[in-house]
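This report refers to the structure that appears directly beneath it.
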Amino acid sequence: MEITIMVALVILLALFFDFTNGFHDTANAMATPIATGAIKPKTAVALAAVLNLVGAFLSTEVAKTVSGGIIKEGSDGIQITPEIIFAGLMGAILWNMITWLKGLPSSSSHALFGGLIGAAIAGIGIHSINFESLMQKVILPAIFAPIIAGGVAYLCTRLAYALTSRHDPDSGSKLTQKRGGFRTGQVFTSSLVALAHGTNDAQKTMGIITLVLISAGALQPGSGPPLWVITTCALAIAIGTYSGGWRIIRTMGSGLTEVKPAQGFAAESSTASAILASSHLGFALSTTQVASGSVIGSGLGRRGTTVRWGTAGKIALGWLFTLPAAGIVGALTAMLVLTGVVGVVIAAVAGTAAVIYMFLHSKKSHVGHQNAVEVEEAGQAVRFRKKKKAVAVSRSHNAPKDGLS
């Protein structure tokens, strides 16, 4: 197979991965505002798509990390081949599709890195991996970013409820909860998360395409992504985002904890801050892990609510297995494609068949914007007579006794 054909095949596969990344990660920005009723579902995904598109043009630092950081390339390193990149992408795409089918918010970023690392080790050798860069810009952020984001979301949620439960002098002995503004604020914060997502996740596919162009000799080692690469990747992730990813939106919006506007505002603010900071530093962060950590932190920060630790445990297991699972698929695919043209064809046909099967299987239990999240009237003011008496909550249930909702 001519290298030009192989390069074209890898670019197409990379753009499809970018598309799956889009619908896989829509929940990161829009699950909580959909759950609280701040934004209508279709409007939310359309807004996220536009902002992902814009965000993709704002930074290329993460793309440089992917194209020249994890896998050694150039005259002083390993000359990675398009076949290896093809195999790595196959591992990432199949893991993305499996976790989407299960409604599991796993990391598209770690699936990509796992696939590439597995393929490179199987096809070249363990010496092809830049473990220092992997540790500094992938592993350590994966450990600390969700913890930090969750802690910030916890503190922001506590602060939000403390500031909005003060006594209203015009209402006598009644306390008026002034939290309706948080739903409006969620429009801004969720938009910021979507924009931040574009600055980080879209860059990863840009880095992959840049890497394959370097491997084919079309670009010099250390080059950044050309404008046409930035544009096509931005469009691919925007289209994927617009398609929804409703299964994961359901998990993030109501599967982890019951989300109220103040919580959503706090979670989205901490998520956006962490992602933007990581994009600036060139960290290939898992935006899914950060968003999940923020939602859990906000749930812990609101008295009277519960975090569904069973769901959180399943998500954590998904995080744990993403790198090795994608790596195994990438390694097996690499061993197949390196046998020649027949191996490439077999891998492409088998991968396509697996994606089609999972898509058709998903139709048996359809999840769309109509049934992704049960939206509650969470924006209503909460009133109560005295601090020690039960709260009368409008259009809500199981309200905590201290009036926090």
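The values are calculated or read from the model by the stated rules, or taken from the named source; none is laboratory data. Keep in mind the model is a prediction, meaning the values are calculated, not measured. Because the Cβ atoms are built from the backbone with ideal geometry, glycine has one as well, and the counts that use them run over all protein chains shown.
Within the stretch 336-354, work out how many residues are touching a helix residue (DSSP H, G or I) at 6+ places or on another chain (Cβ under 7 Å) and either polar (S, T, N, Q) or crowded, with 16+ Cβ neighbours inside 10 Å (or both).
Step one: list which residues in the stretch 336-354 are touching a helix residue (DSSP H, G or I) at 6+ places or on another chain (Cβ under 7 Å), which gives 336-338, 343-344, 346-347, 351, 354.
Right, trim to either polar (S, T, N, Q) or crowded, with 16+ Cβ neighbours inside 10 Å (or both) and you get 336-338, 343-344, 347, 351, 354.
Count: 8.
Of a type outside the set (A, V, I, L, M), under 23 Å from I34 (Cα atoms), at pLDDT 80 or above and in a helix (DSSP H, G or I) - does that describe any residue in the stretch 109-123? So that I can check it myself, show each step before the final result.
Here is the first cut: in the stretch 109-123, the ones of a type outside the set (A, V, I, L, M) are 109-110, 113-115, 118, 123.
Checking which are under 23 Å from I34 (Cα atoms) leaves us with none.
No.
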Please work out if A196 is modelled with pLDDT of 85 or more and among the small types (G, A, S). no
For a quick check of your reading of the model, give me the residue pairs whose first member lies in the stretch 119-142 and is farther than 17 Å from A326 by Cα, whose second is of a type in the set (D, E, K, R), with beta-carbon atoms closer than 7 Å and at least 6 apart or on different chains. S128/K72; N130/K72
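Can you pull out the residues in the stretch 294-332 that are β-branched (V, I, T) and farther than 21 Å from I275 by Cβ? So that I can check it myself, show each step before the final result.
Taking the stretch 294-332 and keeping what is β-branched (V, I, T), we get 295-296, 305-307, 311, 315, 322, 328-329.
Result: T305, T306, V307, T311, I328, V329.
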Going through I148, I129 one at a time, which residue ends up being touching a strand residue (DSSP E or B) at 6+ places or on another chain (Cβ under 8 Å) and either surrounded by fewer than 22 Cβ atoms within 10 Å (Cβ to Cβ) or modelled with pLDDT under 85 (or both)? I129
Members of the stretch 267-276 found to be more than 17 Å from I39 (Cβ to Cβ) and buried (at least 24 other Cβ atoms within 10 Å of the Cβ), listed by number: S270, A274, I275
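Test of understanding: among I209, I230, which residue is modelled with pLDDT of 85 or more and in contact with a Pro (Cβ under 8 Å, 6 or more places away or on another chain)? I'd like the intermediate steps shown before the answer.
Numbers: I230 fails: in contact with a Pro (Cβ under 8 Å, 6 or more places away or on another chain).
Selected residue: I209, the only one of I209, I230 that is modelled with pLDDT of 85 or more and in contact with a Pro (Cβ under 8 Å, 6 or more places away or on another chain).
Residue by residue, here is whether (1) touching a helix residue (DSSP H, G or I) at 6+ places or on another chain (Cβ under 8 Å); (2) more than 18 Å from S106 (Cβ to Cβ); (3) at pLDDT below 90; (4) in a loop (DSSP other than H, G, I, E, B) holds:
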site	(1), (2), (3), (4)
M6	yes, yes, yes, no
V10	yes, yes, no, no
F16	yes, no, no, no
A27	yes, no, yes, no
M30	yes, no, yes, no
A38	yes, yes, yes, yes
T43	no, yes, yes, no
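Which residues, counting only those in the stretch 81-121, are surrounded by fewer than 24 Cβ atoms within 10 Å (Cβ to Cβ) and on the phi < 0 side of the Ramachandran plot?
Going residue by residue through the stretch 81-121, those that are surrounded by fewer than 24 Cβ atoms within 10 Å (Cβ to Cβ) are 81, 94, 97-98, 100-104, 121.
Those that are surrounded by fewer than 24 Cβ atoms within 10 Å (Cβ to Cβ) and on the phi < 0 side of the Ramachandran plot: T81, L94, M97, I98, W100, L101, K102, L104, I121.
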Would a scan of the stretch 159-172 turn up a residue that is part of a helix (DSSP H, G or I), surrounded by 17 or more Cβ atoms within 10 Å (Cβ to Cβ), out of contact with any Pro (no Cβ under 7 Å at 6 or more places or on another chain) and at pLDDT below 85? yes
